[in-house]
Each structure stands twice: as structure tokens, then as C-alpha cells.
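Participant: What follows is a single structure, and I will ask about it in a moment.
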Amino acid sequence: MKEETKKTSNKIITIPNIISVFRIVLVIIATYLLIKEDNINAFILYVTAMITDFLDGFLARLLNQSSELGKLLDPVADKLLVLSIVLVLFFQNRMPLWIVIVILARDFIILSGGLLLRTKVKFIPSSILIGKISAVAIMIVCILNILNSYRMEPLYYVAAFFAGISLIAYAINAKKILKTENNE
């Protein structure tokens, strides 16, 4: 696991970090628009924010600009994106409480678990594939909901399934990281 720390830097101003900050600004504006029920413009900004999520990770790898700050900024921006959409949709009576709890609990557990793990191993672990798949499933549910799609219930169950699987996978990954660090 030590090699992961070699691939990241302590640089603050990098292109991926700037994109992550830009994503946070987009989320704030999109949330305001969603509250005002300007669904089309909110949708456009949220989708743009989601695209920047893929872009910052891609550029971090391509330009070798992976940083400890980026590993923190990226999930915070992601969590802010999900939190804002889910809460607004819930308070607009467009999303049921049970899926809101599942989504928010997943994000809270993963974020706090990652921060706790960082205190033990001195680096922030990268996200894993099933976590990304879960995030995409959750974002599809949110985006379709913004567009006032119907028959959302089956999609809620799919998102909840992936949320549960990703939590298990992150727990297993954290256990492996701790075991590896303790053996070095």
C-alpha cells in the first residue's frame, strides 16, 4: 500500500482539484435551481457536475496530478452533489424517505470510514469500482427524479442494492488495507 502514497502528492493547485472546486460551485447553483423548481436547468448543471466528476479523475491519472487534497475534495464534492439532490427531492415529496436514508447512510458511512481509515494509514484510499457503480446508480435515480420520471420504485431498489454491496466492498477493502499496513 505504500506505493499508493508515492503516486499522490501534497500539491493543492492542480487541474483536477480546480475541477472538483468547480463541481462544488455547480452543485450549489444547481441546488438553488432545483429548489426553485427550474428542473431543466438544474438537470443540466447536475449532469455537468457529474461529467466533471469523471473528468477530474481521468485528468488526475493522465496528468499524474493525483493529490491527497484531490482524494478528499472529490468525494466531498460527490457527497454534496448527492446530498443536495436527495434532500431537495425529499422535501419536494418526490423521493421516499427510505431511499433517502439508504443513500445518505451509505455516503456518511463511506466518507467517515475513509476519514477514519486515513488516521490509521496516513493516506486516503482510492474509490473502488463497485463504489463507482453504486454512485452511478444513485445518480441515475436522482437525475430521472429531477426530470419527473415515473415508475421510480424499481430503480430505488436497484440503487439500494448497489449501495449495500458497495458498503460491504468498502469494509472489506478497508480491512485489507489495515491488514497490509499492520504487516509492514
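The values are calculated or read from the model by the stated rules, or taken from the named source; none is laboratory data. Note that the structure is a prediction, hence the values are computed from the model and not measured. Don't worry about glycine lacking a Cβ; one is built from the backbone with ideal geometry, like all the others, and counts go over all protein chains shown.
Participant: Does residue 123 satisfy being of a type outside the set (S, T, N, Q) and part of a helix (DSSP H, G or I)? Walk me through how you get there before you give the answer.
Facilitator: Numbers: of a type outside the set (S, T, N, Q): yes; part of a helix (DSSP H, G or I): no.
No, not satisfied.
Residues checked against (1) farther than 19 Å from residue 141 by Cα; (2) of a type in the set (Phe, Trp, Tyr); (3) in contact with a helix residue (DSSP H, G or I) (Cβ under 8 Å, 6 or more places away or on another chain):
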residue: 10; (1), (2), (3): yes, no, yes
residue: 14; (1), (2), (3): yes, no, yes
residue: 17; (1), (2), (3): yes, no, yes
residue: 55; (1), (2), (3): yes, no, yes
residue: 69; (1), (2), (3): yes, no, yes
residue: 91; (1), (2), (3): no, yes, no
residue: 95; (1), (2), (3): no, no, yes
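Participant: Just to verify a result, which residue in segment 62-108, among those that are of a type in the set (Lys, Arg) and closer than 26 Å to residue 168 by Cβ, is surrounded by the fewest Cβ atoms within 10 Å (Cβ to Cβ)? First the steps, then the outcome.
Facilitator: To start, the set of residues in segment 62-108 that are of a type in the set (Lys, Arg) comprises 71, 79, 94, 106.
Next, only the ones that are closer than 26 Å to residue 168 by Cβ stay: 71, 79, 106.
Values: 71: 20, 79: 18, 106: 24.
Restricting to residues being of a type in the set (Lys, Arg) and closer than 26 Å to residue 168 by Cβ, the top hit is 79.
Participant: Please go through segment 119-141 and pick out each residue that is polar (S, T, N, Q) and either surrounded by fewer than 20 Cβ atoms within 10 Å (Cβ to Cβ) or at pLDDT below 85 (or both). I'd like the intermediate steps shown before the answer.
Facilitator: Initially, segment 119-141 is screened for residues polar (S, T, N, Q), giving 119, 126-127, 134.
119, 126, 127, listed by residue number.
Participant: Would you please list the contacts, defined by Cβ atoms under 8 Å and residues six or more apart or on different chains, that run from a residue in segment 42-62 that is free of Cβ contacts under 8 Å to residues at least 24 places away in the same chain to a residue that is surrounded by fewer than 19 Cβ atoms within 10 Å (Cβ to Cβ) and assigned to a helix (DSSP H, G or I)?
Facilitator: 45/29
Participant: A further question follows. For segment 122-137, state whether one or more residues are among the small types (Gly, Ala, Ser), touching a Gly at 6+ places or on another chain (Cβ under 9 Å) and farther than 20 Å from residue 70 by Cβ.
Facilitator: Yes: one or more hits.
Participant: Identify, please: which residue in segment 142-163 is within 17 Å of the chain's Cα centre (by Cα) and at pLDDT below 95 and is, among those, surrounded by the most Cβ atoms within 10 Å (Cβ to Cβ)?
Facilitator: Selected residue: 142.
Participant: Restricting attention to segment 109-122, which residues are of a type outside the set (Gly, Ala, Ser) and touching a helix residue (DSSP H, G or I) at 6+ places or on another chain (Cβ under 8 Å)?
Facilitator: So the first thing to find is which residues in segment 109-122 are of a type outside the set (Gly, Ala, Ser), and the list is 109-111, 115-122.
Once the filter is applied, which keeps residues that are of a type outside the set (Gly, Ala, Ser) and touching a helix residue (DSSP H, G or I) at 6+ places or on another chain (Cβ under 8 Å), segment 109-122 yields 109, 110, 111, 117, 120, 121, 122.
Participant: Moving on. Is it the case that some residue within segment 87-98 is under 14 Å from the mean Cα position of the chain (by Cα) and either part of a helix (DSSP H, G or I) or not hydroxyl-bearing (Ser, Thr, Tyr) (or both)? Spell out the reasoning first.
Facilitator: First, pick out the residues of segment 87-98 that are under 14 Å from the mean Cα position of the chain (by Cα): none.
Looking for residues that are under 14 Å from the mean Cα position of the chain (by Cα) and either part of a helix (DSSP H, G or I) or not hydroxyl-bearing (Ser, Thr, Tyr) (or both), one finds none in segment 87-98, hence no.
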